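Here's the structure we're looking at; comments come further down.
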Amino acid sequence: MMIANSVKRIAATIVAAAALMGSAAAQDYPTEPVTIVVPFAPGGRVDGIARVLAESLSKQLGQPFVVSNREGAGGSVGADYVAKAKPDGYTLLLNSAGTHAILPNVDKNLAYDSVKDFTPIANLVEGFTFIGAHTSVKADNIKELIDLAKENPGKIGFATSGVGTYGHFAGESFKIASDINLLHVPYRGSGPAMNDLAAGHVPLMIAGEIVELAKAGKIKILAVTNEQRWHELPDVPTLKESGFPQFTLHSWIGLVGPAGLPAGVVEKLSKATETAMADPAVQDRLKGLGVVVNFSSPEAFAKRISEDRAAYGEIVKKAGLTFK
Amino acid sequence: MEVFSSLYLGFSVAVSPANIGYCFTGALVGTLIGVLPGIGPLATMAMLLPLTFYLPTSSALIMLAGIYYGALYGSSTTAILMKVPGESSSVVTCLDGYVMAQQGRAGVALATAALASFFAGTVATLLIAVFGPALTSVAQQFGPAEYFSLMVLGLISALVFTQGSPIKALAMIFLGLLLGTVGADINTGFDRFTFGVPDLRDGIDFVAVSMGLFGIAEIIVNLDRSRDRPVSTLPISRLWLTRQDFKAAWPAAVRGTGVGAALGILPGGGAMLGSFASYAIEKRISRTPDRFGRGAIEGVSGPEAANNAGAQASFIPMLSLGIPSNAVMAMMAGAMLLHGIAPSPSFAAQRPDLFWGLIASMWIGNVMLLVINLPLVGLWVRLLRIPYDVLFPVILLCCCIGLYSISHSFADLMLLALFGLVGVVCVKLDCPMAPLMLAFILGPMMEENLRRAMLLAYGDVTIFATRPLSAAMLIACLLCVALLLLPTFRRVRAAATDA
């Protein structure tokens, strides 16, 4: 018993010492290179944002912030890696609505809990998503599209970059909101889908990247699914303005760490991230990636994650989406 | 004259010091493995794939392409000097090249092979530059139905043009298609054949499969074979051709280039087919056919031009349609995917720097190979003395480290070992692995397009027959099968297999 007790006491002392060291570490943080995990392949939107952020954080905090791509299974491989990492602030994750609000609703085998297993640090940006149509489609706005879809129920296809992507969910919730039936045509990534949209093989597409096709005059954009209009297309209305005031889906990208991140580290990272996002040069580079800065505090970001997870859960139920 | 401004852009990418360096490295490594029998370009490309992950995309593609055509050059060297073809594509070169070497004209044969290859390479580069973009604009008309039919055609022609038993090739195609179905289903998101292993959700890793089948398996099979290699080589005399040699060699090289390029563009085509066809043509139209096999210079220049033209022309379908036509191109497509670029008809428009940079680098690589090969022939031959007991463990270790560094996945290492074993079994059973690899890459694309076509046609199967382009390709498939059943063709095919 004595021995057991003293072991307990020693253990308690070590824990206390570690906690003290932890807070000391938070003050000096970071003292070694920090890894920002991107759960998607290099070259995409999230990857681009991570690289812009990493550059600014490296400059501000005096230690290299290194981007590491751990893609796979819709982003869950990388997210799970960070969920199980040591909460010391040296392994962070660039998460998205996909990894933290959509996957938890559709993937029963998901190895992490997007709320319990992470410490939110900051929401960084809002990604823009558009409903686009090939020029041959006889609809120039959302109203005409709804009329067209009511005449041809289930026959008008909308391409997305895959099952469970934000575009897919925007499409499904638009179907629910407008009470029409569209045909989901999933692709493997946005590239091949855009080819088919530009050639008219598929009439509609819901994605962020199609804004380039619209600028080239190959397609028309019927609506923006976000709350604001896109600065390059000031004449294109949002879905809210097109008669769906309740349409509130968010496609955000933010920074999180594993659960139990020291408060000091969170505060330091949140401040540095706020400074980074306020930099006009950073904002310009982000606009080129089809996103706009939408910084929020750790508390607000935590709220956003759990609210959106519930909101996407509703869509999954209403649309009868069952997969994985 | 858009071609010229585009080529100018390409050269500006390709001649950057770094890219020249990678082009040179690729050509050098390619020559090296071409000289060493037993290690092919596919194995080498598979082994170097992880390395290219850390290079800029243009450098990665340039280096991998360099390995491919470098291997073709290197393999002719040993074919001529030792009657040991490094690759199947220079099997024909042995016939007359080795005899020329025995006659004391080894230098002439080597120079002929190098110059013919260079000529073919130059022409093929121009062909890609002209036809690539043209095909791209046609490809815009390709919908899901057309893609599906085109890929069926690709697999069937792979079947027709593969050496050996067509039944075995067919079996390997089906095995490849089955392996391609592993992973999350694209239309529903449900997992298929993943057995709950999260690493399999995105499908079986391409690098693990190719490295296992081609890299690991080749090494194991080599260990099994007899270790003594030919070391005595015939002396190299004068390196230059006489006026008479030139006169005999160049028309054959021109014809070889044409035949090689035409067969190279075909789905399932590549370097080997052209060299056999060219040799047969040269022998047939020659006024003195009995000189063939006794040191006829046309028998070297024609096939050598053809294999190089074929190798480069096979880039056309991959770069302009986004469809790899053989296993080497599947490897290139895999490398592009690693860099986040999906091969597609819009590749040339979206990444002109990569498209034209790669094309320009091919020409530069051909110039380099001329320089590497001719003066350094003696050095290459000496390379055959590197002991395999050193080489093989190093290669194995590099494979494992390389694969792990890309995916950080233990499961992928197990897959590597598994597919190494599968590869050995395939070799022992004489089952060709190239069709398997091609089907593994094309399979998921085929399924995706098949289901998408059906989805967009509301389940109407006739869509594949009523769309003209798709129908034409399906008819071509039937013709391929008919060709395979034709007795004359079967004899020619069997002869090529025996050669």
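Read-outs throughout are calculated quantities, based only on the coordinates presented, and are distinct from any laboratory measurement. Just so it is clear, the model here is predicted, and its values are computed rather than measured. Heads up, the Cβs are rebuilt from the backbone with ideal geometry, glycines too, and the neighbour counts pull from every protein chain shown.
Could you give the longest part of chain B that holds none of the chymotrypsin sites (Phe, Trp or Tyr not before Pro) found in DSSP loops with at most 13 neighbouring Cβ atoms within 10 Å?
Numbers: sites that count: B:Tyr54, B:Phe190, B:Phe193, B:Phe195, B:Trp240, B:Tyr458.
Segment B:241-457 is the longest.
In square nanometres, what is the average projected area of the Cα convex hull of the stretch A:39-141? Provide the component values of the computation, followed by the final result.
Details: hull surface 36.2 nm².
That works out to 9.0 nm².
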Hits among lysines - C-alpha to C-alpha of A:Lys220 under 30 Å, sequence gap 8 or more where chains match: A:Lys138, A:Lys143, A:Lys150, A:Lys155, A:Lys175, A:Lys240, A:Lys287, A:Lys318
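For an R0 of 56 angstrom, estimate the FRET efficiency from the Cβ-Cβ distance between A:Gln63 and B:Ser286 and round to the nearest 0.05.
Details: r = 72 Å, r/R0 = 1.29.
Efficiency at R0 = 56 Å is approximately 0.20.
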Along the positive direction of the dipole of chain B (beta-carbon charges: Lys, Arg +1; Asp, Glu -1; about the Cα centre), which of B:Leu483, B:Gly97, B:Leu213 reaches farthest? B:Gly97
Expressed in angstrom, Rg and Dmax over the Cα atoms of chain A are 22.0, 84
B:Gly423: net charge of surrounding residues, Cβ under 14 Å, Lys/Arg +1, Asp/Glu -1, itself excluded? -2
For the stretch A:130-224 the translational diffusion coefficient, Stokes-Einstein from a Kirkwood Rh over Cα pairs at 20 °C and viscosity 1.002 mPa s, in µm²/s, is roughly 168 µm²/s
Label-point gap, in nm, between B:Leu397 and A:Glu227 - each point 7 angstrom along Cα→Cβ: 5.8 nm
Two pseudo-spin positions, 7 Å from Cα along C-beta at A:Ala263 and at B:Phe195, lie apart in nanometres by 4.9 nm
Paramagnetic reach from B:Thr181 in the stretch B:401-441 [backbone N under 19 Å; point 7 Å along Cα→Cβ]: B:436-441
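List every DSSP H helix in chain A whose Cα atoms extend 15 Å or more along the helix's own long axis and whose mean Kyte-Doolittle hydropathy is at least -0.5. Provide the component values of the computation, followed by the final result.
Values: long enough: A:2-28 (39 Å, 0.96); A:45-61 (24 Å, 0.15); A:166-178 (18 Å, -0.05); A:263-278 (22 Å, 0.24); A:298-319 (31 Å, -0.63).
Both cut-offs are met by A:2-28, A:45-61, A:166-178, A:263-278.
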Taking the stretch A:130-224 and dividing mean pair separation by its residue count, relative contact order in percent (alpha carbons under 8 Å, at least six apart): 47 percent
Please list, or write none, the lysines whose alpha carbon is within less than 30 Å of the alpha carbon of B:Lys83, excluding same-chain residues fewer than 8 places away. B:Lys168, B:Lys247, B:Lys283, B:Lys428
Output the relative contact order of chain A, whole-number percent, from Cα pairs under 8 angstrom with separation of 6+ residues. 26 percent
Dipole moment magnitude, nearest 20 debye, the protein assembly as shown about Cα centre, only Lys, Arg, Asp, Glu C-beta charged: 1820 debye
Mind telling me which of A:Asp28, A:Asp88, A:Asp107 comes out most flexible in a GNM of chain A, alpha-carbon contacts under 10 Å? A:Asp28
Let's test the formula: R0 of 51 Å, r as the Cβ-Cβ distance of A:Lys108 and A:Gln283. What FRET efficiency results, to the nearest 0.05? 0.85
Taking one equal scatterer on every alpha-carbon of chain B, how large is log10 of I(q)/I(0) by Debye at q = 0.07 1/Å? -0.35
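Give the relative contact order (percent, whole number) for chain B; include only Cα pairs under 8 Å separated by 6+ residues. If you can, show how the numbers build up before the last one.
Details: 936 pairs, mean separation 142.9, N = 499.
That works out to 29 percent.
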Per DSSP loop assignment and a cutoff of at most 16 other beta carbons within 10 Å, chain B keeps its longest run without exposed trypsin sites (Lys or Arg not before Pro) at B:1-224
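Give me the extension gain from B:Phe174 to B:Val138: residue separation times 0.36 nm, minus the current Cα-Cα distance, reported in nm with one decimal.
Length gained, B:Phe174 through B:Val138: 10.0 nm.
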Please give the contour-minus-distance gain from B:Glu2 to B:Leu478: 0.36 nm per residue of separation, less the Cα-Cα distance, rounded to one decimal in nm. 167.6 nm
Non-local amide H neighbours of A:Val67 (under 5 Å, H modeled in plane, Pro and chain starts lacking H): which ones? A:Ile36
Restricting to bridges with both residues inside chain A, how much of the DSSP beta-bridge set is antiparallel, in percent to the nearest 5? 60 percent
For the stretch A:130-224, build the charge dipole from Cβ charges (+1 Lys, Arg; -1 Asp, Glu) around the Cα centre, then report which of A:Asn152, A:Ser173, A:Val137 sits farthest towards its positive end. A:Val137
For A:Val125, list long-range residues whose amide hydrogen, built 1.01 Å from N in the peptide plane, is under 5 Å from its own amide hydrogen. A:Ile253, A:Asn294
Give me the net charge of B:Arg291's neighbourhood, meaning all other residues with Cβ under 10 Å from the Cβ of B:Arg291; Lys, Arg count +1, Asp, Glu -1. 0
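Add +1 for every Lys or Arg and -1 for every Asp or Glu among the other residues with Cβ under 15 Å from the Cβ of B:Leu319, and state the total.
On the way: positive: B:Arg351; negative: B:Asp353.
Its environment carries a net charge of 0.
Using every Cα-Cα pair within the protein assembly as shown, state what percent have a distance larger than 56 Å. If you can, show how the numbers build up before the last one.
Numbers: 52944 of 338253 pairs.
Percentage above 56 Å: 16.
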Please work out, to two decimal places, the log10 of the ratio I(q)/I(0) at q = 0.16, 0.17, 0.20, 0.21 Å⁻¹ from a Debye calculation in which every Cα of the stretch B:48-163 carries one identical scatterer. -1.02, -1.07, -1.13, -1.14
For A:Glu151 paired with B:Leu486, estimate the spin-label separation in nm (one decimal), with each label point 7 Å from Cα along the Cα-to-Cβ line. 5.1 nm
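Need the full-extension length gain, A:Ala300 to A:Lys215, defined as separation in residues times 0.36 nm minus the C-alpha distance. One decimal, nm.
Working: separation 85, 0.36 × 85 = 30.60 nm, distance 3.46 nm.
Additional length available on full extension: 27.1 nm.
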